[in-house]
């Protein structure tokens with residue numbers, strides 16, 4: 001029989017399976033179905049499939065034997081309207097900055113988390129506000145975080161996005177990381193990637209961190225440094 005479980009790590013998922021099935025670790029086989037690293041917009045998880053032989057002590061109520069029948073966890077959707085003075089000041093500030101740049105925009109709350117808040121720009125000039133490689137959007141986000149600090153909220157990180165650029169950029173960088181690792185492994189030569197902001201560099205590092213024969217390091221000065229992907233063998 002097969003069952004599926006999910007946890008923040010592979011170890012947690014396996015421990016959950018063993019506990020719910022009433023089995024010892026050596027009494028079942030584990031297949032890794034999916035892994036997701038922690039990122040700006042997504043929480044990390046590991047999904048496994050457990051293979052057992054015969055009946056299991058607690059098999060009467062396996063939670064994930066039929067994943068399609070289980071109810072998906074509800075995601076909290078932020079009210080896009082500012083809920084307090086801090087949120088109102090943030091949205092007003094960035095709207096006025098964009099207006100002074102000569103563009104019109106509507107800014108809403110995208111998400112709320114502990115020590116993190118997301119703002120979404122809706123504008124016909126989104127491509128200009130994003131800029132090449134997202135540099136205009138990064139600059140606007142930096143201004144927002146500086147302003148949040150002036151409001152006494154240095155412990156809150158503000159994320160600014162438009163047209164889901166940051167999510168698309170993140171997915172693109174993950175693909176780039178794996179593709180570059182394959183090239184480095186094939187050519188046995190290091191590859192220096194394009195200049196990136198701190199978040200993008202960290203994403204490359206964490207994506208390739210668990211690959212035994214690949215290592216990464218940042219090079220350069222200033223905000224936009226480059227990541228070098230290196231083959232180190234095993």
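The values are calculated or read from the model by the stated rules, or taken from the named source; none is laboratory data. The structure displayed is predicted, hence computed values, not measured ones. Cβ atoms come from the backbone with ideal geometry, glycine included; neighbour counts cover every protein chain shown.
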Original post:
Just a yes or no: is a residue in the stretch 167-182 in contact (Cβ under 8 Å) with a residue 60 or more places away in the chain and either more than 21 Å from the chain's Cα centre (by Cα) or closer than 28 Å to residue 217 by Cβ (or both)?
Top reply: yes
Original post:
Identify, please: which residue in the stretch 1-15 is surrounded by 14 or more Cβ atoms within 10 Å (Cβ to Cβ) and in a strand (DSSP E or B) and is, among those, modelled with the lowest pLDDT?
Top reply: 3
**OP:** May I ask you to verify whether residue 109 is touching a residue at least 12 places away in the same chain (Cβ under 8 Å) and more than 30 Å from residue 45 (Cβ to Cβ)?
**Re:** no
Original post:
Just checking, how many residues over the stretch 201-214 are in contact with a helix residue (DSSP H, G or I) (Cβ under 8 Å, 6 or more places away or on another chain) and at pLDDT 90 or above?
Top reply: 6
Original post:
Among the residues of the stretch 145-166, how many are farther than 19 Å from residue 102 by Cβ and touching a residue at least 40 places away in the same chain (Cβ under 8 Å)?
Top reply: 11
Original post:
Quick check: anything in the stretch 17-25 closer than 30 Å to residue 157 by Cα, in contact with a strand residue (DSSP E or B) (Cβ under 9 Å, 6 or more places away or on another chain) and at pLDDT 75 or above?
Top reply: no
Original post:
Among the residues of the stretch 188-207, is there at least one that is farther than 27 Å from residue 121 by Cβ, free of Cβ contacts under 8 Å to residues at least 24 places away in the same chain and surrounded by 14 or more Cβ atoms within 10 Å (Cβ to Cβ)?
Top reply: yes
**OP:** Return only the number of the condition from (1) within 28 Å of residue 157 (Cβ to Cβ); (2) modelled with pLDDT of 95 or more that residue 192 does not satisfy.
**Re:** (1)
